[in-house]
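Read the structure below first, then the notes.
The values are calculated or read from the model by the stated rules, or taken from the named source; none is laboratory data. Quick caveat: nothing in here was measured; it's all calculated off a predicted structure. Please note: Cβ atoms are built from the backbone with ideal geometry, for glycine as well, and neighbour counts cover all protein chains shown. In case anyone asks, the SASA skips ligands and DNA or RNA and just uses the protein heavy atoms, side chains included. Shrake-Rupley method; radii C 1.70, N 1.55, O 1.52, S 1.80 Å.
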Amino acid sequence: MYPYNRQRRLRQNNAIRSLVRENNLNPNDFLVPLFVVDGRDVQEAIPSMPNYYRFSLDRLEKEVKILWGLGLKAVLIFAKVSDHLKDNEGREALNPNGLMQKAIQTVKQACPEMLVMTDVALDPYSSYGHDGVVQNGLIVNDATNAILAEMSVSHANAGADFVAPSDMMDGRVLSIRKALENASFFNTGIMSYSAKYASGFYGPFRDALDSAPGFGDKKTYQMDFGNGKEALQEVAADIDEGADIVMVKPGMAYLDVVSQVAQTFSVPVAVYQVSGEYAMIKAAAEKGWLNHDQIVIESLMAFKRAGAQIIATYFAKDVVKILG
Ligand code: PBG
């Protein structure tokens, strides 16, 4: 009871605030998304993602060494595939000498201890820009799962430590897990995008990968953002099917979901601060309307407070520098 309890005693100066702070950020928290393109000596700016780039493999090698030097020990690779290689089944995704496969090898050669996670989904490879095979204007589930499973084995073969299915087909984790077991990849992890919402926040990412859906939207597979409990169902299914880590995506607008998932399940929970969240902060900071560094730290700390153990963020390099 006041005045015996005065909450402000614990806020008097930086030393006491640091001592009682419940959550802290450090480089171990972050997963760095990386965009890879064909070519040599390419570092392409992405207009809707200021200060973020697509790298050719030679530049990727340099970038990964920089990340390692900063204490960042995990990357999540996305490949931007040329239009002429795209088809309905995403066949290029299975090419053992494809861009993704070569990117995995490049990272492992540059930094053998770097944890390599890979995006598993059809959309960057699909002529329709959808995460599944299209038949009669519909995204078909089970035929897609078979391809995702092959794709995962192909990534594991190239050296991926974890595959990260981001497609939201039903049962894909089980298909992938079975295929990995059959191919003796017993130690390959699955970080499943378990609660992935049909979100407007993915816009800049689709610019980065040129992967916007050619028709319709993704609402028949990604979750409806009106729903919270459904996320628990999705997560439970993925854990049951063999996921090692579950993810909620996007981040900032879905902190309630992160919190519920973290409280309900005991597996590690990841959150993805997506491209639109990055773009909003960068744009407001460029205008001088928000303080960049302060908002970056505050937005990332919110994920920790909500219960996330792993944060995929385009700010990973920035934040390590800000934290000093
Ligand atoms: C596609 C995929 C998307 C993202 C990661 N994997 C976009 C989508 O579902 O359309 C979004 C990441 C971001 O916006 O930063 N499988």
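Within segment 228-239, can one find any residue that is buried (at least 21 other Cβ atoms within 10 Å of the Cβ), touching a residue at least 12 places away in the same chain (Cβ under 8 Å) and in a loop (DSSP other than H, G, I, E, B)? Scanning segment 228-239, I find no residue that is buried (at least 21 other Cβ atoms within 10 Å of the Cβ), touching a residue at least 12 places away in the same chain (Cβ under 8 Å) and in a loop (DSSP other than H, G, I, E, B), so the answer is no.
Being in contact with a Phe, Trp or Tyr (Cβ under 8 Å, 6 or more places away or on another chain) and at pLDDT below 95 holds for only one residue in Ser166, Ser211, Ser199, and it is Ser211.
Taking the condition of a type in the set (A, V, I, L, M), open to solvent by 70 Å² or more (accessible area, probe 1.4 Å) and out of contact with any Pro (no Cβ under 7 Å at 6 or more places or on another chain), does Ile104 pass? Spelling it out, it is not the case that Ile104 is of a type in the set (A, V, I, L, M), open to solvent by 70 Å² or more (accessible area, probe 1.4 Å) and out of contact with any Pro (no Cβ under 7 Å at 6 or more places or on another chain).
Sort through Glu286, Glu298 and tell me the only one that's without any contact (Cβ under 8 Å) to a residue 12 or more places away in the chain, charged (D, E, K, R) and more than 21 Å from Ala195 (Cβ to Cβ). Just one listed residue meets the conditions, Glu298. Would you call Gly171 closer than 19 Å to Ile77 by Cα and open to solvent by 20 Å² or more (accessible area, probe 1.4 Å)? Considered against the rule, which asks whether it is closer than 19 Å to Ile77 by Cα and open to solvent by 20 Å² or more (accessible area, probe 1.4 Å), Gly171 comes out as no. In segment 118-146, the residues that are free of Cβ contacts under 8 Å to residues at least 24 places away in the same chain and polar (S, T, N, Q) form Cβ pairs under 9 Å with partners that are open to solvent by 10 Å² or more (accessible area, probe 1.4 Å) and not in a helix (DSSP H, G or I), at six or more places apart or across chains, as follows: Gln135/Asn88. Of everything in segment 86-126 that is assigned to a loop (DSSP other than H, G, I, E, B) and within 13 Å of the ligand (Cβ to nearest atom), the residue that is nearest to Asp167 (Cα to Cα) is Ala121.
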